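Okay, so here's the structure we're looking at.
The values are calculated or read from the model by the stated rules, or taken from the named source; none is laboratory data. All figures in this text were calculated on a predicted structure; none of them were measured in a lab. Cβ atoms come from the backbone with ideal geometry, glycine included; neighbour counts cover every protein chain shown. Areas reflect the complete protein model, heavy atoms only, side chains present, ligands, DNA and RNA absent. Shrake-Rupley method; radii C 1.70, N 1.55, O 1.52, S 1.80 Å.
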2 protein chains.
Amino acid sequence: MSEDLNGAELKTLSLKQLSALCEELRGKIIRSVMTNGGHLSSNLGMVELTVALHYVFDFPKDKIIFDVGHQCYTHKLLSGRESGFATLRKRGGLSGFPKREESEYDCYNTGHAGTSVSAALGIAKARDLEGGDYDVIAVIGDGSFNNGLVYEAFNSLKPLGTNILVIINDNGMSISPTVGSMHEYLEVLSADAEEQYHKTRRAGIFERFGFEYDGVYDGNDLACMIDVLQKIKPRLKDRSVILHVLTKKGKGYSFCEENPEATHGIGGKPAAETVEYSAILGKKLCELAERNNKIVAVTAAMTGSLGLAPFFEKFPERAVDVGICEEHATILCAAMAAQGLKPYYAVYSTFLQRSFDEIIIDICSQNLPVTLCIDRAGISGADGETHQGVFDLSFLSFIPNLTIAVPRDTEEFAAMLELSADFGAPLAIRYPRACTHRFGDVKKVVVGTWEKLSDGDGRVVILACGERAISRALDAAVLAEKRGVKAKVVNARFVKPLDKAMLASLEEHTVITVEDNMLAGGFGSLISSYFSESDKKVKNFAYEDRFIEQGGVDELMDDYGLKVSDIAEYIVKSV
Amino acid sequence: MSEDLNGAELKTLSLKQLSALCEELRGKIIRSVMTNGGHLSSNLGMVELTVALHYVFDFPKDKIIFDVGHQCYTHKLLSGRESGFATLRKRGGLSGFPKREESEYDCYNTGHAGTSVSAALGIAKARDLEGGDYDVIAVIGDGSFNNGLVYEAFNSLKPLGTNILVIINDNGMSISPTVGSMHEYLEVLSADAEEQYHKTRRAGIFERFGFEYDGVYDGNDLACMIDVLQKIKPRLKDRSVILHVLTKKGKGYSFCEENPEATHGIGGKPAAETVEYSAILGKKLCELAERNNKIVAVTAAMTGSLGLAPFFEKFPERAVDVGICEEHATILCAAMAAQGLKPYYAVYSTFLQRSFDEIIIDICSQNLPVTLCIDRAGISGADGETHQGVFDLSFLSFIPNLTIAVPRDTEEFAAMLELSADFGAPLAIRYPRACTHRFGDVKKVVVGTWEKLSDGDGRVVILACGERAISRALDAAVLAEKRGVKAKVVNARFVKPLDKAMLASLEEHTVITVEDNMLAGGFGSLISSYFSESDKKVKNFAYEDRFIEQGGVDELMDDYGLKVSDIAEYIVKSV
């Protein structure tokens, strides 16, 4: 395949050549993901559909938005980015998601679920106002299709009076299998799909919203996809269409086809000696639930990756997967708590952003004992800007009634979960994916208390928040000690409330904070505020004011503000 | 009406007596709202439905959740809170929204749109797990029904396997008239409602989600409502039902019936000599749009109260009301900006919380020139905890690429809007409802520059952010000057970027910050961080770490941390 293969050339190929191209693309995707990690099974399912789209439409003149965006690899390979494909998800390399900065073929960046139809409508509305002549396409999986944003966008199609194509890429999976009535409806529509190719059906719900519905088709049948899209394209001049296709997640790679959840995301697996915090969550939550039948667990379509599978197996009636509906999940927890249950909502830090309003209004203003288990907090790495969990301390620390805990390792995480069981107010516990450090035995954790990890010489103290920050603080202290300054290191395991007793007793003149979070509004800023009227000097090590791109966790931590040598240098210079 | 009137007594009344009760309740609501302000027309429309609910169901054993909650006045009057009704929306008085802290008849606090169905499902799920025997009812208006949360909740009804009653209170209005296909669908269902009382219709969409649909009925016909609810109650044991009723917003008070948008919220109107920032927004945006045809304006169902009515009238094709869909509105703006348009999204501060994730991902990570016009920022007053706009500086200030401006008065607001027209990046401008102060002529505003408002004696400087803070800072400076300390006062009109040049040149040892926002993560915390390594003392005046209840704006500002005398005292003591 030529690196410069573009839409115009693609259009000259025969069906046979295009089929061969699909196999070639599939091979490239498998090799790349096996090397660099990434989203595998969803991309394998999208090959034929994407080739057909590039064959029928004229990108970048026509615009395509991939919902979430993790399924855009074929699109990238077909839009002049093949030579860069070996750098996929690496520092400075191609993103695993659509990026406007990367190519004019990417018109809108995605990363979180459900935004594609809204974005398509905005682009189409702009086209109409500017008198443009191009088509706008949103490609959305059945998992994202559960998100409330889709309903909001559908609901405004008619008032906006514009035309778009929405392709539902129905593979029956979110990351976990897709749940809910909308998915059931899609199943009804596709029940006898095998006999229904090329037949148009009625789909009352979608028609109500102003869409013509076209489906159900086998999205992995290239000839069929080309044919269907060719018929749809002219219709888009004066109407909006939903094209419903069934694709096979992991298509063409039998291991993926048989294990779609496990092969949704590949790579980035921590080394063998590490423990994932999610494993501890699953284990400990089961243990707590044995003792307390008020405990319920809620997830938004990520049972496995959050470690909840054992809980879902053991306590199915107390386990709820609402699909990719983070806001609804949060309110569900608040309401169950209002009735006396003890809900745990497990979620990735970046996706918790969707629940921000509900954390304030539903959970915290009612002071309800919901526990937020915030996984992938801090830099998450190769997924880049849209997936870093570096905002949570900033967006949680000003919310009244909320307690925020940050464990130093999985053992302390277990102790915090133990503590949570009897805690009668909102509690957030944030932690990264993998635990790679140990800092000694954990004693019982008391809310609002910190732990001294090492002694200093009375001049400098480091307040470090969370495993990665503590590890770097200790390393920096070792370097500084060699240069004559011995800094005390403290495990600042509660960001809220702060350990005021320890803060008041600190004798050191220089206070250093280290955290795996943005500088503004983070842990360090709370310490700066605490000491703002005192004579102490406070120095914050945290992430600077810019979006953090993709890369390895450690290299990004170095580059964005948490370099061990910088911390050590500051310790030495500060005295 | 007896103050102690409860459900048991209500059930002994005849239809005639109940009708008389409705008129009595209506009179009480009108008198109360005319005195204390509040939501008028929506409550007048809800009288018969609420009386019927109390007649048929057994509260507080049965649970009712009012979506948004502004329509709960009759419910409050029927649940032992009549004697407190004169204190409605006053400091320490009855809330204008449901409050668990206030009565066991309120099982779940609301305030923001679309949460009621999720909350009802959570409560029903808890009931099922605990073996409870009661009914759970969500009452939701057709405006809230546009919110994506409703779809998320509907979608999980079947997986949760529980039973609830959802009453759609369809009055054709959000605050603005309701828009969108779902509302069109409700209209189709109710098209010939006059002839359809007591007839059950099919509503395919709702049935797909697992609801039986019952409608359409005249919700202001008390006998009808009692009859319908009595028939529905036994069905709730083994199924979920949607009851669709039509009510007349403002029912029984002709001025309200004719002016439902204007009488949605009554009172709290600023005094005659004040100007509302929203009026300036409408005027200035029209002016800018005359010159620049890329400008578009977006609202989530609040055209009038945000001042956008003139724009909507003058530029209908460039004006979009998406209904109560704050997330969708935000993405629509980002996508239009990605195509070269210049979108302005106007929204109340408290409702902007819903767009938090989209501000980060869609607007700021793509660095798109969307302008957020954030009205009702700071303490908003009588609506209480769920409506205070005191979090926005905290949840915006750590987002990369975002510029945050806070005008000192409406004149500076106009200058900032002028500036926004050529500003090629995300911009947030936050302001309270009413402008009641003037601080001299406004010169051209340059991004990231502050303005010295008064000279000091070189010992204390006050950095004040926004009109109310500046007013208090100046008052405090006057008090302190009488006691011998003359503080400089600065209009810190950009929270991001800070005016680093001015900060670097400050000679004063004591820096005081004042802002109409939470302490943690707010403007002051940025200043504390800025000076954390210096010898300067920084003192922040901002709101303490608790939810701010209802009351007058000034009394709340005093009580939660911005008392002028406290600031003056600090100035004097600090030297």
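Here are the numbers:
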| quantity | calculated |
| --- | --- |
| Chain A - charge dipole about Cα centre, Lys and Arg +1 at Cβ, Asp and Glu -1, debye rounded to 20 | 680 debye |
| Isotropic mean projected area of the C-alpha convex hull, region A:465-557 (nm²) | 6.7 nm² |
| Whole-Hz ³J(HN,Hα) from phi, Karplus 6.51 cos²θ - 1.76 cosθ + 1.60, for region A:134-142, glycine and proline x | 8, 9, 10, 10, 10, 10, 10, x, 5 |
| Stretch gain in nm, segment B:A223-B:R31, where the contour uses 0.36 nm per residue and the Cα spacing is subtracted | 66.6 nm |
| A:D441 accessible area, assembled protein chains, probe 1.4 Å, Å² | 130 Å² |
| Solvent-accessible area of B:D133 with every protein chain in place, 1.4 Å probe, in Å² to the nearest 10 | 100 Å² |
| Cross-link table A:K537/A:K563; A:K283/B:K158; A:K251/A:K283; A:K452/A:K482, entries beyond 24 Å C-alpha to C-alpha | A:K283/B:K158; A:K251/A:K283 |
| 5 Å binning of all Cα-Cα separations within region A:417-575, expressed as whole percents from 0 upward | 2, 9, 18, 22, 21, 15, 9, 3, 1, 0 |
| Area projected by the alpha carbon convex hull of region A:398-452, averaged over all directions, nm² | 4.3 nm² |
| At 7 Å out from Cα toward Cβ: A:K444 inter-copy label distances (nm, ascending) | 6.7 |
| Region A:118-126 - phi-based ³J(HN,Hα) in whole Hz, Karplus 6.51/-1.76/1.60, Gly and Pro as x | 4, 5, 4, 5, x, 5, 5, 5, 4 |
| Cα-based helix-to-principal-axis angle, B:47-56 vs chain B, degrees rounded to 10 | 60 degrees |
| Over the protein assembly as shown - Rg/Rh using Cα atoms and the Kirkwood inverse-distance radius | 0.96 |
| Under-5 Å amide H pairs with B:V275, H placed in peptide plane, nonlocal only | B:C435 |
| Region A:216-343, relative contact order in percent, only Cα pairs under 8 angstrom and at least six apart counted | 17 percent |
| Gyration tensor verdict on region B:336-435 (Cα atoms; rounded if a/c is under 1.5, prolate if a/b is larger than b/c, oblate otherwise) | oblate |
| Greater than 19 Å apart at Cα, pairs in B:K90/B:K249; B:K63/B:K233; B:K11/B:K76; A:K11/A:K99; A:K342/B:K125; B:K63/B:K90 | B:K90/B:K249; A:K11/A:K99; B:K63/B:K90 |
| Rounded D (µm²/s) - region A:11-114, Kirkwood Rh over Cα pairs, Stokes-Einstein at 37 °C, 0.692 mPa s | 238 µm²/s |
| Region B:336-425, dipole about Cα centre (Lys/Arg Cβ +1, Asp/Glu Cβ -1), debye to the nearest 20 | 140 debye |
| In Hz, Karplus ³J(HN,Hα) per residue of region A:175-189 (6.51, -1.76, 1.60; θ = phi - 60°; x = Gly, Pro) | 8, 7, x, 5, 10, x, 5, 5, 5, 4, 5, 4, 5, 4, 4 |
| Rh by Kirkwood over Cα pairs, then Stokes-Einstein D for region A:410-507 at 1.306 mPa s and 10 °C, µm²/s | 110 µm²/s |
| Cα convex hull volume per residue for region A:111-175 (Å³) | 77 Å³ |
| Charge-dipole axis of the protein assembly as shown as Lys and Arg at +1 and Asp and Glu at -1 on Cβ define it, positive-most pick from A:N163, B:G210, A:G93 | A:G93 |
| Pseudo-label separations to other copies for A:V478 - Cα-to-Cβ vector, 7 Å, nm | 6.3 |
| Cα long-axis angle, helix A:467-482 against chain A (0 to 90 degrees, to the nearest 10) | 50 degrees |
| Neighbour-limited loop hits for trypsin sites (Lys or Arg not before Pro), region A:461-509 (at most 12 other Cβ within 10 Å; DSSP other than H, G, I, E, B) | A:R483 |
| Label 7 Å beyond Cα on the Cβ vector: A:T87 copy-to-copy distances, nm | 6.6 |
| Accessible heavy-atom area order of A:V553, A:V296, highest first, probe of 1.4 Å | A:V553, A:V296 |
| Coarse-grained scattering of region B:312-386 at q = 0.16, 0.23, 0.27 Å⁻¹, given as base-10 log I(q)/I(0) from a Debye sum over alpha-carbon atoms | -0.60, -1.07, -1.30 |
| Value of relative contact order over region B:378-459, rounded to a whole percent, pairs C-alpha under 8 Å and six or more apart | 28 percent |
| Contact order relative to length of chain B, as percent, for alpha carbon pairs under 8 angstrom and 6 or more apart | 11 percent |
| For residues of A:367-376, the mean tally of beta carbons on other chains within 10 Å | 1 |
| B:G215 long-range amide H proximity, modeled H, under 5 Å | B:R201, B:H244 |
| Ellipsoid semi-axes in whole angstrom, largest first, where each is sqrt(5λ) of the Cα gyration tensor of chain B | 46, 26, 21 |
| Cβ nearest the rotation axis (A onto B), residue from chain A and distance to the nearest whole Å | A:G148, 1 |
| Local electrostatic count at B:I140 - Lys and Arg +1, Asp and Glu -1, tallied over other residues with Cβ under 14 Å | -4 |
| On Cα atoms only, tilt of B:326-338 relative to the major axis of chain B in degrees | 50 degrees |
| Sequence of A:K249, B:K28 when ordered by accessible area, the most exposed leading, probe 1.4 angstrom | B:K28, A:K249 |
